[in-house]
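S.K.: Dumping the structure here so I can ask a few things about it.
Laboratory data are not the source of any read-out in this text; all were calculated from the coordinates shown. A quick note: this is a predicted structure, and the numbers were derived from the prediction, not measured. Reconstructed Cβ throughout: ideal geometry from the backbone, glycine too, with neighbour counts over all protein chains shown.
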Amino acid sequence: MPSTRPMPSIDDAARPRLAPHVRMRFDDARGQHALLSPETVWVVNDTGAAIVELCDGRRTVAEIESELHSRYDQVADGDVRRFLADLVAKHRMEVDHG
């Protein structure tokens, strides 16, 4: 059943970073990136992995979006924010605002 919680707001000045208990790893055997936490494994595609790699707590969401637009042709406006909001809602990402 989908959650009825509202998605967190992610603005241009937000500086996302992985939550302290979450790590990203590449599984060579499966050829997939995954976010690992004590209770879960969440598989992410290459674009998701690129977003997570840029979330170092120093870059803003606007800077991350700009970098991804320069790398990929198919990154739609709002996709990065929705992905980050989902990670924040699932306690896999933290965001410093401004």
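S.K.: Any idea what the dipole of the chain comes to, in debye rounded to 20, about its Cα centre with Lys/Arg Cβ at +1 and Asp/Glu Cβ at -1?
M.R.: 360
S.K.: Please list, by residue number, everything in region 40-61 whose backbone N is under 19 Å from a paramagnetic label point 7 Å out along Cα→Cβ of ASP12.
M.R.: Once the point is set 7 Å along Cα→Cβ of ASP12, 58-61 turn out to lie under 19 Å by backbone N, inside region 40-61.
S.K.: Counting helices only, and only those DSSP H runs with n ≥ 4, report the 222 nm mean residue ellipticity of the chain as the sum of -39,500 (n - 2.57) divided by its residues, in deg cm²/dmol to the nearest 500.
M.R.: After summing the helix terms and dividing by residue count, I get -9500 deg cm²/dmol.
S.K.: Around ALA50, with a cut-off of 11 angstrom between Cβ atoms, what is the net charge of the other residues, counting Lys and Arg +1 and Asp and Glu -1?
M.R.: Residues close to ALA50 contribute a combined charge of -2.
S.K.: What whole-number volume per residue, in cubic angstrom, does the convex hull of the C-alpha atoms of the chain give?
M.R.: Working: hull volume 11.4 nm³, N = 98.
Convex hull of Cα atoms, per residue: 116 Å³.
S.K.: Using Cα pairs closer than 8 Å and at least 6 residues apart in sequence, work out the relative contact order for the chain, in percent.
M.R.: Relative contact order, the chain: 41 percent.
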